[in-house]
Every structure is written in structure tokens, then in C-alpha cells.
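The values are calculated or read from the model by the stated rules, or taken from the named source; none is laboratory data. Not measured: the values here are computed from a predicted model. Backbone-built Cβ (ideal geometry, glycine too); neighbour counts: all protein chains shown.
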Amino acid sequence: MTHLVVDTVTCDGHGLCADILPEVVDLDEWGYPVVTGPVPRRLRRAAAAAVTACPALALRLTNPSPTPARNAIAAEPAPRRP
């Protein structure tokens, strides 16, 4: 699943991301973006447009890789010697 990440130090609160992607970005009381959830597949182009449009370059898209289940990579036991 794709996530929109805001660099809160870099962000200047222009609000373009919320204008372009209101389904995923709200603005707080000071006008800074608050991401409300992951970016649905149907909105990935709009999310990429928001990243490109950000004048402070404070947005990025990430695709966190799923963590393997416990023991999913467990090694097979060594064969027993007769």
C-alpha cells in the first residue's frame, strides 16, 4: 500500500497537497497537512501530482514492504547423521 509522508520540518503549510488530494490530506488549524490514511490505488496519480506540486518539497510517497511472518524464513534443520 502506498503512503504519503509529510516532512513536518520542511513543510511551509501552503496547502496545495490538500487541494490536490483532499481524500487523503486534511489541514490542521494552522494550515499544515495531516495525512488521514494510505493512498488508495485509484488516487496514486493525484498523490504523485501533490508531491510534484509541493513548493517546499516536503512530500514523498512510500511503499512500505510487508514484514515477513515470524518463522517464514526459518532455516530447515540440518539432516541427522546416522
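Some points to look at:
- Applying the set (1) surrounded by 15 or more Cβ atoms within 10 Å (Cβ to Cβ); (2) at pLDDT below 95 to Pro66 leaves exactly one unmet item: (1).
- Test set (1) assigned to a loop (DSSP other than H, G, I, E, B); (2) touching a helix residue (DSSP H, G or I) at 6+ places or on another chain (Cβ under 7 Å) - Leu61 fails condition number: (1)
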